[in-house]
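Comments concern the structure below.
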Amino acid sequence: MSDIVQYENKGAVAVITLNRPDAMNAFTTKLSNDLQLALERAAGDDAVRVVIITGEGRCFSAGADLKSGFEGRPVFGKLQYEYRPVLSAIATITKPVIAAVPGSAAGIGMSMALHCDLMIMADNAFLLSPFTTISLVPDGGLNWLLVRQLGYRRAFQLSVESERITAERCVELGLANRAVPAEKLQAEALQWAERLAKRAPRSMEATKKCMRHAADNDWESTFNMEADWQQLLAGSEDNVEGVDAFFEKREPKFKGK
């Protein structure tokens, strides 16, 4: 890929690493573009079943690179044409995406982490929405994410007070799934991804699509989507393999078919 976004295949897991440690993995135009390319690469690789996004060094990402400014582009364009495509790629890729958060994820870094399907954090890590300290509004879909996850009052308080949300608190609030010792973060994230990679790929795809749909739609349309997917998956090779393995008391071997 590039020097600032590293891509590595570890079996059925693609590990994408933001690699600007000297700048706390802050987002520039190139970092955004390269991250999108990395996600497209993972999406197009049938051998990849789970994706991990993490950061090199002492944090996941400090957010936008304030030193580089908007790099000649209006901030509206930065959000719509740089950040939004990456966030959409995370949401629409058919594979689970795990955010492995070392240190901190702030600003657009926090938005990126929360857009992932799952999150594992180092026990000394935290999330931060710092926008009121620099007279800006939470962005990258952060308002939508926090209000739906936490409710209006708690989301508003955490944002306007720019509270550092510790890993333990993130787990309590449901913002993160797990908190682990910092020195074990990458190993634990990979082990988790490897376990997920053994599950039926199309089932995970369908579950991701149905649940993301459910977050912003009504019961009836979600029920209909479930029925459509169930009809599509029932009798498939992986469905038959899963049922056979259950009765034969063995681990299934899914092919994504």
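Since every read-out is calculated from the coordinates, none of them should be taken as a lab result. Since this is a predicted model, take the numbers as computed values, not measurements. Glycine gets a Cβ as well: all are built from the backbone with ideal geometry, and neighbour counts include every protein chain shown.
Placing a label point 7 Å from the Cα of Lys255 along the Cα-to-Cβ direction, the residues of the range 1-43 whose backbone N falls under 19 Å from that point are 12. Judged by the gyration tensor of its Cα atoms, with axes a ≥ b ≥ c, the range 126-236 is oblate; a/c meets the 1.5 cut and b/c is at least as large as a/b.
Among complete DSSP H helices in the chain, those whose alpha-carbon atoms stretch at least 15 Å along the helix's long axis and whose mean Kyte-Doolittle hydropathy reaches -1.0 are 29-44, 185-197, 219-233, 237-248. DSSP beta bridges confined to the range 4-99 are antiparallel in about 40 percent of cases. Placing unit charges on the Cβ atoms of the charged side chains and taking the dipole of the range 5-197 about its Cα centre, the candidate lying farthest along the positive direction among Ser61, Val15, Gly174 is Gly174. The orientation-averaged projection of the convex hull spanning the C-alpha atoms of the range 201-248 amounts to 3.5 square nanometres. For the chain, pairs of C-alpha atoms spaced more than 23 angstrom apart make up 53 percent of the total. Taking amide H as placed 1.01 Å from N in the peptide plane, the amide H of Phe126 sits under 5 Å from that of Ser104, Ala105, each at least 5 places away or on another chain. Each Lys or Arg adds one and each Asp or Glu takes one away; over the other residues whose Cβ falls under 10 Å from the Cβ of Arg20, this sums to -3.
Rounded to the nearest 20 debye, the dipole magnitude of the chain is 140 debye, with +1 charges on Lys and Arg beta carbons, -1 on Asp and Glu beta carbons, and the Cα centre as origin. With a Cα cut-off of under 26 Å and a minimum spacing of 8 residues unless on different chains, the lysine pairs in the range 5-197 number 8. The packing ranking, built from the mean of other Cβ atoms within 10 Å per residue, places the peptides 42-52, 157-167 in the order 42-52, 157-167, highest first. What chymotrypsin sites (Phe, Trp or Tyr not before Pro) does the range 167-257 have in DSSP loop regions with at most 14 other beta carbons within 10 Å? Here no chymotrypsin sites (Phe, Trp or Tyr not before Pro) fit, given the DSSP loop and packing criteria.
When you filter the GluC sites (Glu not before Pro) in the range 17-106 for DSSP loop state and at most 15 other Cβ atoms inside 10 Å of their Cβ, you are left with Glu71.
Gain on full extension, evaluated as 0.36 nm per residue between Thr207 and Arg153 minus their Cα-Cα distance, stands at 16.5 nm. Per-residue ellipticity at 222 nm from helix content only, as computed over the chain with -39500 (n - 2.57) for each DSSP H run of at least four residues, stands at -13500 deg cm²/dmol. Taking amide H positions as modeled 1.01 Å from N, with prolines and chain starts lacking one, the residues under 5 Å from Met119 and 5 or more places away or on another chain are Ala99, Asn177, Arg178.
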